[in-house]
Each structure stands twice: as structure tokens, then as C-alpha cells.
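Note sheet for the following structure.
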Amino acid sequence: MRRSERKQIDPDLGIMAGQTLFAVQKELFAALAREGHPHLKPRHGAVLAYLDEEGSRATDLSQQSGQHKQVIGTLVDELVELGYVRREPDPQDRRAKLIVPTPLGLDEMERSDAIVAAIERRHAEALGEEVYTVFKRAFRQITDLQRAHPSTSVAGERGVS
């Protein structure tokens, strides 16, 4: 049996996680486009998915998303240009900046949360609430274990301990 056939019959964790991510992103961003946010791309999720309504520091967004701070900076620049966020001084530390959603950003965040909640409800209905709850708990544990692995940390990728 060829490797590609094996991977189709019994996909590994990476393949299943990737397929799930890409399918959810495709549905989410198509729905967002229909609801007035046609310029957003899945890459913007590294900021918007983790952004607090009152604002977040780029370093926190980097840590939560697993993206390098430079990548987050580029995405924030794009989102500023698109009108979704603005940079403001952090009242806790004037040297730092907060990435704060604009009214357009808040609208996207609210719509995105509702769309993802609908996707999750659909899966819970298809599998049954109990099975879906167990699945999410197990998937969360796997995600936490994988993120805790030393070779997956952002600092580990740069060779910094």
C-alpha cells in the first residue's frame, strides 16, 4: 500500500488537525465575507482569535497563537490598514503598546464567535453532546501536551531557552 493511501485510510494527528483547521477556516472566512468582512484571511486569525475586547499586547498574542512576534507585528500592520485594530499605549506599561479592536474589529470578533459556535453545535448534534464533550476534552489535552513539548515552543524554535 502506498503511503498516500495509508494516510487517507488512517491519517495521523497532524493530518487530521490540519484538515480540521483548514475546513473550519474555510467555512468561517466564507461566512465572515458574506457578513461584511471580505478582506480578512485565515492568517489574521493569529491576532483576531486571541484578541481581548479591551486590547492585548503583541507578545501575548504571539504566545497564545504560537506565532513569532514579527509575524504578529506584520499581521497587526495589515489589520490596522484594514481598520480592524489600532495601537494604543498600554496604561500598565507606557513602553508597551496594546492592540485594541476598533468597532469593525469588535463586529468581526462577535460574528466569528457566533459562526464558530454554530460549527461546534453542528458537530455536537452530529456526534451527540457527550461524545463531543469528551472529544473536545481529549483534543484539548493533546493540544496542551503538544504545546508543552520543548521543541514546539516559540523560544525553542529560535534556539532560546
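Run ALA118 past the list (1) of a type in the set (A, V, I, L, M, F, W, C); (2) in contact with a Lys or Arg (Cβ under 9 Å, 6 or more places away or on another chain); (3) surrounded by fewer than 15 Cβ atoms within 10 Å (Cβ to Cβ) and report the number of the one that doesn't hold.
Failing condition for ALA118: (2).
When segment 108-128 is examined, which residues are found to be among the acidic types (Asp, Glu) and free of Cβ contacts under 8 Å to residues at least 40 places away in the same chain?
Correct list: GLU110, ASP113, GLU120, GLU125.
Among the residues of segment 69-99, count how many are crowded, with 18+ Cβ neighbours inside 10 Å and touching a strand residue (DSSP E or B) at 6+ places or on another chain (Cβ under 9 Å).
7
Quick one: in segment 141-161, which of the residues that are exposed (fewer than 10 other Cβ atoms within 10 Å of the Cβ) and at pLDDT below 85 is nearest to GLY18 (Cα to Cα)?
SER151
Among the numbered conditions (1) surrounded by fewer than 18 Cβ atoms within 10 Å (Cβ to Cβ); (2) in contact (Cβ under 8 Å) with a residue 12 or more places away in the chain; (3) within 29 Å of ASP144 (Cα to Cα); (4) touching a strand residue (DSSP E or B) at 6+ places or on another chain (Cβ under 9 Å), tell me where GLY66 comes up short.
(4)
Quick one: ASP107 ticks every box in (1) among the charged types (D, E, K, R); (2) surrounded by fewer than 14 Cβ atoms within 10 Å (Cβ to Cβ); (3) over 20 Å from LYS26 (Cβ atoms) bar one, so which box is it?
(2)
If you take the residues of segment 27-63 that are basic (Lys, Arg) and part of a helix (DSSP H, G or I), which of them is surrounded by the most Cβ atoms within 10 Å (Cβ to Cβ)?
Among those that are basic (Lys, Arg) and part of a helix (DSSP H, G or I), it is ARG43.
Return the only residue of GLY128, GLY73 being out of contact with any Phe, Trp or Tyr (no Cβ under 9 Å at 6 or more places or on another chain) and either at positive phi or at pLDDT below 95 (or both).
None of the others qualify; the one that does is GLY128.
Residue under question is ALA138, and the condition is that it be under 20 Å from GLY18 (Cβ atoms) and free of Cβ contacts under 8 Å to residues at least 24 places away in the same chain; does it hold?
When the stated conditions are applied, ALA138 passes them.
Criterion first (within 30 Å of GLN146 (Cα to Cα), touching a residue at least 40 places away in the same chain (Cβ under 8 Å) and of a type in the set (Lys, Arg)) does ARG57 satisfy it?
Criteria met by ARG57.
The values are calculated or read from the model by the stated rules, or taken from the named source; none is laboratory data. In this text, all values refer to a predicted model and were calculated from it rather than measured experimentally. Cβ atoms come from the backbone with ideal geometry, glycine included; neighbour counts cover every protein chain shown.
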